[in-house]
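Just so you know, all these numbers are worked out from the coordinates, no wet-lab data involved. Only a predicted model underlies this, so the values are computations on that prediction, with no experimental measurement involved. Backbone-built Cβ (ideal geometry, glycine too); neighbour counts: all protein chains shown.
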Amino acid sequence: MTDKASASADDVPMAGRRCLQCGKPALYAYRPFCSKRCADLDLGKWFAEDYRVPSDEEPGDDRAEEDP
Ligand SMILES: [Zn+2]
């Protein structure tokens, strides 16, 4: 599988754009971030805020672990 053709734009830096996470030059592929890692970090932040919404249920408590 040759992936080079489709990956041409992935590594192109965006002029004047900085990664919102770490401040490095952002890439088109991950704008407005510099890498998938930074994009994931930001995404994680969003999800984390979602999960912080107060809830009556206690997550992870419905799967009772029995003794081995
Ligand atoms: Zn970054």
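Between beta-carbons, use under 10 Å as the cut-off and find the net charge around Phe33, counting Lys and Arg +1, Asp and Glu -1.
+4
In terms of packing, defined here as the mean over residues of other Cβ atoms within 10 angstrom, the peptides 38-44, 24-30, 12-18 line up highest first as 24-30, 38-44, 12-18.
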